[in-house]
Every structure is written in C-alpha cells, then in structure tokens.
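The values are calculated or read from the model by the stated rules, or taken from the named source; none is laboratory data. None of these values were measured; they are calculated from a predicted model. Using ideal geometry, Cβ is built from the backbone for each residue, glycine included, and neighbour counts are taken over all protein chains shown. Just the protein is used for accessible areas: all its heavy atoms, side chains included, with ligands, DNA and RNA removed. Shrake-Rupley method; radii C 1.70, N 1.55, O 1.52, S 1.80 Å.
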Amino acid sequence: MIDPLFWLGLSLLLVATSLTAVLVAAIPALQELARAARSAEKLFDTLSRELPPTLEAIRVTGLEITDLTDDVSEGVKSANQVVKQVDQSLDNARIQAQNLQVGTRSIFVGAKAAWRNFTRQKPTRRTSDRLPSNEKPPLTLREREVLKQENRRSKAEVYRVNDGYSDAASWENNFDDED
C-alpha cells in the first residue's frame, strides 16, 4: 500500500475532479462576466459617442456665460458712467440755477436801485450859503477836530455784521435802510 503510483494517481484524480467542479461552478460566473463586459462595452461606446459633444456643449456654454458676464460687467460700468454723468449734470444745473437766481436777484435789486435813484427828487442847490473856496476863512484847530469826529464812523457802521450776499431779502432791506 505504500505504492507511490497509486497515491499519485489518486491525487491526480482528486485534482481533476476538483478542477472540473471549479469549472462547472465558474461557468455561470464567467457567463455573467462576459455579459457585464458586453454591457460595459456598450456603455463605453455610448459614452465615446455622446460624451465629446456634451463636453463641447458644456465648454461652449461656459464661454457664452463668460461672454455674458463680460457684457453685463460692461453694461454695469456703462450704467455707472451714465449715472455719474447725470449726477454731474444735475449738480451743474443746480449750480447754474443758483447762479441764475443770484444774478436775477442782483439785476432786480440793481434795477430797483436805479429806478429809485432815477425817480427821487433832486435837492435844490443853495448857492447863496456857500462861499467860494478862496473866500473861506481857514478853520481853527477846534473846528477841524469837530469835523473829524463827525466824519469818523464806528467799526460796527463800517462793517455791518449781518450783510450777506446770498440772501436777496437782506439786500433789499439794506438798500431800503440806506434811503
């Protein structure tokens, strides 16, 4: 029983039987694997046909979005410039309106002053009270001091605190006060 050939044959028979059992069990798995490979091949074929146009469409869409973003940015910049121009125009119009208002008030006050000056009664000249300049007696020192005091004005009279050039009503009041 110790015959090695017997044991060798028995071992070969067991190995063959095991290989046959494994092959019988592996056939359905190999069939499923083949079916999965065909399905994967169809998927890869479909992807190779559909993916490049889809990727190209995505790339074109990205470029179009970039172009639209640039256009919107330019539009916003343009609108910002238009708003700045309109704002500047409004400021200029406001300044011109103020200048026109001041000019109109100045013209009105000037015309009013001219009219009053034109329509006022002229004082009659008294020539009999005056002496010719060569016949006037020289003034004494005391008379000169009195005349200087009369001709001097206080600082408040010289510099009127409430005189303003922006308020036409005060101009008219000041003008009326001087008459």
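Within the range 99-115, is even one residue loosely packed, with under 10 Cβ neighbours inside 10 Å, modelled with pLDDT of 80 or more and of a type outside the set (D, E, K, R)? Within the range 99-115, none of the residues are loosely packed, with under 10 Cβ neighbours inside 10 Å, modelled with pLDDT of 80 or more and of a type outside the set (D, E, K, R).
Matching residues to (1) open to solvent by 100 Å² or more (accessible area, probe 1.4 Å); (2) small (Gly, Ala, Ser):
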residue	(1), (2)
Leu8	yes, no
Leu12	yes, no
Ala25	no, yes
Leu43	no, no
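Residue selection: Arg59 fails the criterion of being part of a helix (DSSP H, G or I), open to solvent by 60 Å² or more (accessible area, probe 1.4 Å) and either at pLDDT 95 or above or touching a Phe, Trp or Tyr at 6+ places or on another chain (Cβ under 9 Å) (or both).
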